[in-house]
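The values are calculated or read from the model by the stated rules, or taken from the named source; none is laboratory data. From a predicted model like this one, the values you see are computed outputs, not experimental measurements. For neighbour counting, all protein chains shown are included, and Cβ atoms are generated from backbone atoms with ideal geometry for every residue, glycine included. All accessible areas refer to the heavy atoms of the entire protein, side chains included, with ligands and DNA or RNA removed. Shrake-Rupley method; radii C 1.70, N 1.55, O 1.52, S 1.80 Å.
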Amino acid sequence: MSLTLSDARIVTPAGVHEGWLTIEDGRITHIGQGSAPGQGHSLGGRHVVPGFVDIHNHGGAGGSFPTGDQAKARDAVALHLAHGTTTTMASLVTGTVEELAAATSSLADLADDGLIAGIHFEGPYISKARCGAHNPTLLRDPSPEEFSRLVKAGRGHVRMLTIAAELPGALDTIRTAVAENVIVALGHTDASYEQTIDGIEAGATVATHLYNAMPQLGHRAPGPIAALLEDPRVTVELVNDGVHVHPAMLRLAYKAAGAGRTALITDAMGATGLGDGTYMLGSMAVNVAEGVARLVEGGSIAGSTLTMDVAFRRAVEEMGLSLQEASEIASLTPARVLGLAHEIGSLAVGKRADLVVLDDALVVTHVMKQGSWIS
């Protein structure tokens, strides 16, 4: 079955052009400029961008990935899919080894079905001084043996680990994770500049929500931010919700890392898509007021209620990026992090037909995943 989308402004790595694209068997088979051959499905001049790729997401629509509840996890994925996220990583906050293993085993079933792209452990090997919305009583020093147990529970679907490089056992655990084909991210860390470099040398390649839950930049003690921004091996995550990071600092990070090393994330939690109220993030109670999630005890930011379409729009409006640049950091760069750029992340012949249709205000009007309209 063939479908041609015509009268579209197609955002590709080469730029934005007015034209058409054809989809067959869930993949893009042709991209052309000008009028489409034959009769196509007109998009009325709307923009078409690749489906968003979110590598750091804790849930939505009342569902929280850390619970391992498959029905609620499906609700969360559906909520983000409606906002253009066609590839979602399920992120877990700190829990006991038994809780993490159980949630991982349950979520692995969803990964088997292709519903999620993998599982991300944001903890328990993180700094108590920078734990944010993680339960400090459940944090512990990294253990290669313990982590290998969690990887085994995931049946090949554990894709990322966030770790604080300064902790005892961290470097050995990073090396173990890399050997298990798990992406290692540095975050929730109190590390020095030098300790962060040690973590990168051991194999870490991602910065978990840069700026947040780590020491600030200092002119004599540059800390992890400088080390993560300056190393060409590291991709930096940014939460672009207007709460986590000031737009000026987002622009600074982008100028330092560029589109090829910058990945927008949501860090969304279960309240995403719902109203204000009290929710749970793992074992921690969270109050959401005016869309901002904070711990009931202590008031730390506790994830977000962000969706990727909003992050994309803010990248254009607040960071001053072009549609092409915003598309790269919302789709292609995170796809590269996952090793999936050959399949997703950009609109190109041969790739999966995961795409988002946006109006002139960059609001989602339609979403397609693997050639099928979702909305």
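Using +1 on the beta carbon of Lys and Arg, -1 on that of Asp and Glu, and nothing else charged, what's the dipole of region 231-375 about the Cα centre, debye to 20?
Dipole of region 231-375, to the nearest 20 debye: 440 debye.
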Solvent-accessible area per residue for the chain (1.4 angstrom probe, square angstrom)
38
Among beta bridges assigned by DSSP with both residues in region 29-180, the antiparallel ones amount in percent, to the nearest 5, to 15
Rounded to a whole %, the carbon-and-sulfur portion of the accessible area of region 284-330 at a 1.4 Å probe is 42
Under the helix-only model (-39500 (n - 2.57) for each DSSP H run of 4 or more, divided by the residues of the chain), the mean residue ellipticity at 222 nm, to 500 deg cm²/dmol, is -7500 deg cm²/dmol
Report, for region 232-308, the % of DSSP beta bridges that are antiparallel, rounded to 5.
65
Under 29 Å from Lys72, Cα to Cα: lysines that are on another chain or at least 8 residues apart
Lys152, Lys369
Compute the distance from the alpha-carbon center of region 322-357 to that of region 189-257, in whole Å.
23
For region 157-180 and region 1-60, distance of Cα centres in Å:
38
If you stretched the chain out fully between Ala361 and Asp276, how much longer would it get, using 0.36 nm times the residue separation minus the C-alpha to C-alpha distance?
28.0 nm
Could you compute the FRET efficiency for His41 and Gln324, with r as their C-beta to C-beta distance and R0 at 25 Å, rounded to 0.05?
0.55
In degrees, nearest ten, helix 97-112 long axis to first principal axis of the chain (Cα):
10
Here are a few candidate values for mean projected area of the Cα convex hull in nm²: (1) 17.0; (2) 21.8; (3) 20.2. Which one was actually calculated from the structure I just gave you?
(1)
Between the modelled labels at Gln33 and Ala248 (7 Å from Cα along Cα→Cβ) the distance in nm is 4.1
Residue of Ala271, Ala71, Ala259 that the Gaussian network model of the chain assigns the largest fluctuation, springs spanning Cα pairs under 10 Å:
Ala71
Given springs between every Cα pair under 10 Å in a Gaussian network model of the chain, which of Val49, Val310, Val158 has the largest fluctuation?
Val310
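Rounded to the nearest 0.05, what FRET efficiency is calculated for Gln370 and Ala289 with R0 set to 41 Å and r the Cβ-Cβ distance?
Numbers: r = 38 Å, r/R0 = 0.92.
Efficiency, rounded to the nearest 0.05: 0.60.
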Roughly speaking, what is the centre-to-centre gap between region 65-82 and region 105-125 when only Cα atoms are used, to the nearest Å?
11
Say the dipole of the chain comes from +1 at the beta carbon of Lys and Arg and -1 at that of Asp and Glu; which of Thr88, Gln216, Pro37 then lies farthest toward its positive end?
Pro37
Among Leu274, Leu228, Leu338, which one shows the highest mean-square fluctuation when the chain is modelled as a Gaussian network with alpha-carbon springs under 10 Å?
Leu274
As an exercise, use a Förster radius of 45 Å and the Cβ-Cβ distance of Val316 and Glu145 to find the FRET efficiency, rounded to the nearest 0.05.
0.45
Against the longest principal axis of the chain, how steep is helix 308-317, in degrees 0 to 90 to the nearest 10, with axes from Cα atoms?
80
Can you tell me the dipole magnitude for the chain around its Cα centre, using point charges on the Cβ only (Lys, Arg +1; Asp, Glu -1), in Debye to the nearest 20?
320
Nearest 10 degrees is fine. How inclined is helix 193-202 to the longest principal axis of the chain, computing both from alpha carbons?
70
antiparallel share of DSSP beta bridges within the chain, to nearest 5, in %, is 55
